[in-house]
Amino acid sequence: MMKEIRILDKNFREMITEREIMKRVEELAAEMNRELKGKDVVFLGILNGAFLFAADIFRKLEIPARISFVKLASYEGTKSSGSIKELIGWNEDISNKTVVVIEDIVDTGHTLDRIMAELTMRKAAEIRIATAFYKPDAYKGKVKLDYVGFEIPNEFVVGYGLDYDGFGRNLPSIYTLIS
Ligand code: 5GP
């Protein structure tokens with residue numbers, strides 16, 4: 001049976017269930033537990049969208065690990081036209097550490113490029129990327145994704161931290177836009 005919901009003026013249909021997400025989160029955390037053992041690791045959640053995924057992954061870790069969150073803020077450049085995204089909220093020294101970036105969704109990959117540049121500037125020893133969802137057909141980046149929850153079609157989705165106009169983040173499963 002297809003579950004459908006309405007958020008504001010749009011209709012969405014369930015695409016990935018809460019159960020499927022939780023199972024995949026456990027698999028990814030198990031991989032991290034194996035691969036990151038013995039490393040000096042800092043997890044870096046990207047707000048707002050990744051807060052649920054980051055919490056669910058983090059809870060399943062059995063290695064010593066810290067977590068910190070940063071947020072991408074867009075502001076209008078005074079000289080250039082168009083908006084520039086700035087990462088704000090840094091309070092962790094990541095130099096010489098293994099940083100595991102926790103993203104909600106990788107679409108074109110622009111956000112990821114911006115994050116990679118910042119982490120390189122801050123001299124992370126090693127960078128790994130985890131994302132709950134990934135749209136391979138939209139991706140234009142070159143950065144390799146180390147931990148991917150689900151590959152999804154190039155459609156607009158909400159739930160599990162992802163919003164439509166601020167709403168829908170609390171939905172425990174993933175819904176795709178139908179009309
Ligand atoms: P990118 O920079 O890779 O194109 O986009 C990444 C960001 O765009 C994500 O962190 C997310 O905030 C937003 N985004 C991309 N695709 C979707 C989507 O299908 N649904 C929602 N709610 N946000 C998305």
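Structure data summary
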read-out	value
Under the span-like rule (Cα at least 15 Å along the axis, Kyte-Doolittle mean at least 0.0), DSSP H helices of the chain	110-121
Glu155 accessible area, 1.4 Å probe, all protein chains in place, Å² to nearest 10	80 Å²
Cα-based shape type of the stretch 50-179, given that a ≥ b ≥ c are square roots of the gyration tensor eigenvalues and the cut on a/c is 1.5	oblate
Cα gyration tensor shape for the stretch 1-50, rounded if a/c is under 1.5, else prolate or oblate	oblate
Pairwise label distance in nanometres, Thr120 with Thr176, each label 7 Å out on the Cα-Cβ vector	3.4 nm
Flagged links, alpha-carbon separation over 22 Å, of Lys39/Lys142; Lys37/Lys97; Lys39/Lys144	Lys39/Lys142
Proximal lysines to Lys140, defined as alpha-carbon separation beneath 26 angstrom and excluding residues fewer than eight positions away on the same chain	Lys71, Lys85, Lys123
Simple spin-label estimate for Ile5 and Asn96 in nanometres, 7 Å along Cα-Cβ	4.6 nm
Probe 1.4 Å, accessible area per residue of the chain, Å²	54 Å²
Heavy-atom accessible area order for Met121, Met22, largest first, 1.4 Å probe	Met121, Met22
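The values are calculated or read from the model by the stated rules, or taken from the named source; none is laboratory data. These figures come from a predicted structure and were not determined experimentally. Cβ sites come from the backbone with ideal geometry, for glycine too, and all protein chains shown count toward neighbours. Please note that ligands, DNA and RNA were not included when accessible areas were found on the heavy atoms of the full protein model with its side chains. Shrake-Rupley method; radii C 1.70, N 1.55, O 1.52, S 1.80 Å.
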